[in-house]
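See structure below.
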Amino acid sequence: MMGAKIESRIAGVQFGLQSYSFNGLPLEGILDVVIASMVETGLGECEIWSPLIEPPDLVRQIRAAQDADQRAKARAELGKWHLAVPLDHFRAIRRKFEEAGIEITAFSASPGSSDEELNRSFEITKALGARIMTVASPLSIARRLAPMAERHDLLVGLQGIPTMQATNPDQIARPEQYEEGVALSKNFRITIDVGDAVGGGYDALQFVRDHHQRIFQLFLKDRTKAGVSVPWGEGDTPIAAILQLIRDQKWPIRGYLDNDYKSPLSRAEDVKRSYAYARRALA
């Protein structure tokens, strides 16, 4: 049963949480921690980061891998789990969030590379009730995802790894590579971390202005130009200016709080502090 939906729209700008913010905490019981933080902060949408809903032991194996071979073996075991686990596992997670008044709007997938795994990621996204599946995959994978996205009638957010210094022609990193990616399908959108973008040499405000028609959501992180994550307002990312632009232009771009900096506070307190910053920026 859906609880009373938490309203997290400020001055017309829809906010949510990128649950990657809770990376680094113990994986057991992590969803309860995320939900409690969102309810306390007043955030009604989120993007689920895949390791938070996968078996903790398998996630830890991947993180502990000492070399590429170990990582590939651990990743293969996780792929087997993706294909075998009943979709009811993800439907139950969806209900858990809905009962708290939270919508899982997006799923940050780690789809593997086989067609079977790529297709399964769409099935998982739908079971979670998400509107969009975000991927940090290269262009070669994006080309294979395009017909699947249209067949499943789902959006795909191309997150990429934004850096102006990229030299790999297959990596979605530079603005023209994002443009090449979204041109592959009418179902493709841009999902970009504006903090990563600033650390990668972007003019993040100009990128949002130039590409707003294809942006579904932004991950809102503050970083310095040297690529160091810091509390909102202490770095070089123009978060306030970006939010004000979205507000003034009435663009339907979501802003998802993303905190990954070292902090003496709990991550829940960091999330509340960032949301308070957004409120001040849009006052």
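Any read-out appearing in this document is the output of simple, stated calculations on the displayed coordinates, not a laboratory observation. Please read all numbers here as calculations on a predicted model, not as lab measurements. Cβ: placed from backbone, ideal geometry, glycine included. Neighbour counts: every protein chain shown.
At 0.36 nm per residue, and after removing the present C-alpha to C-alpha distance, how many nm does the segment from residue 95 to residue 265 gain when stretched out fully?
Values: separation 170, 0.36 × 170 = 61.20 nm, distance 2.97 nm.
Difference between extended and current length: 58.2 nm.
Using helices alone, I'd like the mean residue ellipticity at 222 nm for the chain: each DSSP H run of four-plus residues gives -39500 (n - 2.57), total over residue count, nearest 500. List each step's numbers first, then the result.
Details: 11 runs with 125 residues, N = 283.
After summing the helix terms and dividing by residue count, I get -13500 deg cm²/dmol.
Say each of residue 84 and residue 203 gets a label point 7 Å from the Cα, pointing the same way as Cα to Cβ; how far apart are those two points in nm?
5.3 nm
Figure the gain on full extension for residue 75 and residue 113 (residue separation times 0.36 nm, minus the Cα-Cα span) and round it to one decimal in nm.
Full extension of this stretch gives 12.6 nm more.
Excluding residues on the same chain fewer than 8 positions from residue 221, give the aspartates and glutamates whose Cα lies under 20 Å from its Cα.
Within the straight-line cut-off, residue 221 pairs with 45, 47, 193, 196, 203, 210, 234, 236, 258, 260, 269, 270.
Quick check on the exposure proxy: order 164, 38 from fewest to most C-beta atoms within 10 angstrom. Please report the intermediate quantities before stating the final value.
Numbers: 164 12, 38 25.
Lowest count first: 164, 38.
With a point put 7 Å past each Cα toward its Cβ, work out how far residue 7 is from residue 151 in nm, to one decimal.
4.2 nm
Under 10 Å, Cα contacts only: if you run a Gaussian network model on the chain, which one of 56, 86, 264 comes out with the highest mean-square fluctuation?
264
So if I take the centroid of the Cα atoms in the stretch 212-244 and the same for the stretch 139-195, what is the distance between those two points in Å?
Using only Cα atoms to place each centre, the spacing works out to 20 Å.
Neighbouring Cβ atoms within 10 Å as the yardstick, rank 148, 133 fewest first.
Numbers: 148 19, 133 27.
Neighbour counts put them in this order, fewest first: 148, 133.
Listing 53, 172 from the residue with the fewest other Cβ atoms within 10 Å to the one with the most, what is the order?
The most exposed by this proxy come first: 53, 172.
In nm, what is the difference between 0.36 nm times the number of residues separating residue 25 and residue 213 and their Cα-Cα distance?
Details: separation 188, 0.36 × 188 = 67.68 nm, distance 3.55 nm.
Extra length from residue 25 to residue 213 when fully extended: 64.1 nm.
Which pairs in the list 96/262; 225/250; 5/73 are over 31 Å apart, alpha-carbon to alpha-carbon? Can you show the working numbers first?
Numbers: 96/262 29 Å; 225/250 28 Å; 5/73 41 Å.
With Cα atoms farther than 31 Å apart: 5/73.
7 Å from Cα along Cα→Cβ at both residue 123 and residue 251: what's the point-to-point distance in nm?
A separation of 3.6 nm, rounded to one decimal place.
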